[in-house]
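J.: Once you've had a glance at the structure underneath, I'll fire off some questions.
The values are calculated or read from the model by the stated rules, or taken from the named source; none is laboratory data. Computed from a predicted structure; not experimentally measured. Here the Cβ positions follow ideal geometry from the backbone for every residue, glycine too, while neighbour counts run over all protein chains shown. Just so you know, the surface numbers come from the protein's heavy atoms only, side chains and all, with ligands and any DNA or RNA stripped out. Shrake-Rupley method; radii C 1.70, N 1.55, O 1.52, S 1.80 Å.
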Amino acid sequence: MKKTRIAVLVSGGGTNLQALIDAQMRNELGGGEIIAVISSKEGAYALERAAKAGIPGYVVPRKSYDSNRAMTQAVVEKLKELNVDLVVLAGFMVIFTEELINAYPNAIMNVHPALIPSFCGKGYYGLHVHEAALAYGVKLSGATVHFVSEECDGGPIIAQKAVAVLENDTPETLQKRIMEEAEWKLLPHAVSLFCQGRLSVEGRHVIIKEEE
C-alpha cells in the first residue's frame, strides 16, 4: 500500500511536530510518513527536531515575500515538488491564502488549543487562546484538530478533546496541560485516520469510517 506523504509546517519549537515524529517511530501514523518539515523562519527549533529524526527540513521565510499570497504560492510549489499528500500545520504562524486550500482540499490539518468554535479565529493563537479562556471563566477547554478552510479556524472538525481548567491555572499551566493531555494525542490520531483513508467530509461534518 502506498504511504501517505506528509509535510509538517512549523514556525517555532515544534512540540506538536515532536508528537508526530514520536508516533511515526511507534508506527502509529496509519501508514503515513513525514517526508518534509517546512519552517516559515530560519533557525526554528522544529528544524533541529526534524534533523534529529532524519527528516529533511526546508525554510520558506515569510520575510522573503512581500505578501502572504506570495509566500503561500512558494509553499504550494515546494509541496508539489515533494509530492505531498497531507499538509499538517503544527504551530505555523502565517495565515495562508486560498491557493493552498485549492491545491490541497480536505488535505490540510491544523491543531488549535481550544474547543472550536470557542476562542478561535483571528488573533487567537499561542497564549492568547488560554488568556481568553481563563478571562471568560470556562471550566473546560481543550484542543481541536480540523481541516483547514478559507475561514481562519473554521474548517470541518476531525477530533476534539476536553481538558479541565483548574482554579489556580495560569495561561502557561493551561497551555502545558492542553498540549500534554490533548494536542499531542489528537494530532497523531487524526493524521493516522487520514492516512488509513478513514476520513470523508460532507459539508461541515467529518465522517470517520469504522476500522475494517
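J.: Just one of Val138, Val145 is under 17 Å from Leu9 (Cα atoms) and among the β-branched types (Val, Ile, Thr); which is it?
T.: Val145
J.: So how many residues does region 60-99 have that are of a type in the set (Val, Ile, Thr) and within 25 Å of Leu186 (Cβ to Cβ)?
T.: 6
J.: When you scan region 1-15, how many residues do you find that are in contact with a strand residue (DSSP E or B) (Cβ under 6 Å, 6 or more places away or on another chain) and closer than 18 Å to Val111 by Cβ?
T.: 6
J.: I'm checking my understanding of the structure. Among residues of region 139-173 that are within 18 Å of Ala19 (Cβ to Cβ) and open to solvent by less than 60 Å² (accessible area, probe 1.4 Å), which one is farthest from the chain's Cα centre (by Cα)?
T.: Val163
J.: Name the pairs: first residue in region 115-138 and on the phi > 0 side of the Ramachandran plot and open to solvent by less than 40 Å² (accessible area, probe 1.4 Å), second residue part of a helix (DSSP H, G or I) and at pLDDT below 95, Cβ to Cβ under 8 Å, at least 6 apart or on different chains?
T.: Going by the 8 Å Cβ cut-off, there are no qualifying pairs.
J.: Looking only at region 169-190, which residues are among the charged types (D, E, K, R) and not in a loop (DSSP other than H, G, I, E, B)?
T.: Glu172, Lys176, Arg177, Glu180, Glu181, Glu183, Lys185
J.: Could you list, in sequence order, all residues of region 103-113 that are closer than 8 Å to Ala143 by Cβ and either among the basic types (Lys, Arg) or in contact (Cβ under 8 Å) with a residue 60 or more places away in the chain (or both)?
T.: Result: Val111, Pro113.
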